[in-house]
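A quick write-up on the structure given underneath.
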């Protein structure tokens, strides 16, 4: 039976950091207001015309280089994003073409911020049945496309936002201050070390809370699926019930971490690293306290990058692996909750 492991990791962050102070130029907010509620100091935005598949390319090349493999060695792509290049087709096929590997199957998954535990379970199945030997797991998101201001020059200090633009951005600030752009990639395959493996995965979904975070416009319940009225009402921007999401995260994430540890017959104390989705620092602090694990086992990069959705876990994991903090032999728990609701945890021995 093959053992799924991480052969290499990579990440890519576009552009220069955009500090909280810059957001105050286009909406009624302050650096301290954002920091206190989210733990975020800055985020990055891709240039206009850049899609999720574009961000994924350098992340994938870095991961393949770390694995000492080339694109031609990949035989399956798992692409995770909630901000695809197009409504259709999916971004996975575009990535395959840009990497020069047309014909390699590309599966697009839509578990949003909870992407990585779900994708690891899928990758494990593909490896187990012999459908793939080298799998490229990607998380990439370009949230700048749903930012609620239209004057990007004003954001960078070149002029002032119009009153209408400022008001609209302020109306949506609770969501827009959270997100940034980025991509992370993992090359997965069979381990040469018997102890190195995916030990357990536990994932869950609950559509009863689908309206806690969603974009109403652009769905096919409507004819046409997008019209001027939706745009005028701002339905193409995400809406979020922060209280419901916070409550769900602080209840369900500790529970699923305990589930996956129990499934693998390990204790919380056995785990070397808890790699959490970087949605909100207040959520992760609460989860850490609920689990009773020490601060040093729960690393974070949300202050620098904000919430990059499906990319947060692979970006953070890549940073930790390249710094040498996370290394072979350690036990790592990856966990996340995202829109849907979807949530899960995966336990790996590297």
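Okay, residues lined up against (1) touching a strand residue (DSSP E or B) at 6+ places or on another chain (Cβ under 9 Å); (2) in the same structural domain as residue 114 (by TED's automatic domain parsing); (3) more than 28 Å from residue 19 (Cα to Cα):
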position: 220; (1), (2), (3): no, no, yes
position: 227; (1), (2), (3): no, no, yes
position: 239; (1), (2), (3): yes, no, no
position: 265; (1), (2), (3): yes, no, yes
position: 288; (1), (2), (3): yes, no, no
position: 299; (1), (2), (3): yes, no, no
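Could you tell me which numbered condition residue 191 fails, if it satisfies all but one of (1) modelled with pLDDT under 95; (2) surrounded by fewer than 17 Cβ atoms within 10 Å (Cβ to Cβ); (3) under 28 Å from residue 331 (Cα atoms)? So the condition that residue 191 fails would be (2).
Listed by position, the strands (runs of 3 or more DSSP E) enclosed by region 47-143 that each have at least 3 residues that are farther than 18 Å from residue 308 by Cα are 134-141.
Take residue 56 and tell me if it is surrounded by 22 or more Cβ atoms within 10 Å (Cβ to Cβ) and touching a helix residue (DSSP H, G or I) at 6+ places or on another chain (Cβ under 6 Å). Against the criterion (surrounded by 22 or more Cβ atoms within 10 Å (Cβ to Cβ) and touching a helix residue (DSSP H, G or I) at 6+ places or on another chain (Cβ under 6 Å)), residue 56 qualifies.
Every condition in (1) assigned to a loop (DSSP other than H, G, I, E, B); (2) free of Cβ contacts under 8 Å to residues at least 60 places away in the same chain is met by residue 234 except one, and the failing one is (2). Residue 94: within 27 Å of residue 331 (Cα to Cα), buried (at least 19 other Cβ atoms within 10 Å of the Cβ) and at pLDDT 95 or above, yes or no? Spelling it out, it is not the case that residue 94 is within 27 Å of residue 331 (Cα to Cα), buried (at least 19 other Cβ atoms within 10 Å of the Cβ) and at pLDDT 95 or above. Checked against the criterion of being at pLDDT below 95 and on the phi < 0 side of the Ramachandran plot, the candidates 141, 108, 151, 124 yield just one match: 151. If the condition is being free of Cβ contacts under 8 Å to residues at least 24 places away in the same chain and outside any helix (DSSP H, G or I), then region 292-315 contributes 294, 301. In this structure, residue 216 does not satisfy being modelled with pLDDT of 95 or more, over 22 Å from residue 321 (Cβ atoms), in the same structural domain as residue 345 (by TED's automatic domain parsing) and in a loop (DSSP other than H, G, I, E, B).
Does residue 307 satisfy the criteria of being touching a helix residue (DSSP H, G or I) at 6+ places or on another chain (Cβ under 6 Å) and not assigned by TED's automatic domain parsing to the domain that holds residue 184? Answer is no for this residue. Applying the set (1) touching a helix residue (DSSP H, G or I) at 6+ places or on another chain (Cβ under 7 Å); (2) closer than 18 Å to residue 79 by Cα; (3) modelled with pLDDT of 95 or more; (4) not in a strand (DSSP E or B) to residue 318 leaves exactly one unmet item: (1).
The values are calculated or read from the model by the stated rules, or taken from the named source; none is laboratory data. Keep in mind that what you see is a predicted model, and the values were worked out from it rather than measured. Methodologically, a virtual Cβ is constructed for each residue, glycine included, from the backbone with ideal geometry; neighbour enumeration extends over all protein chains shown.
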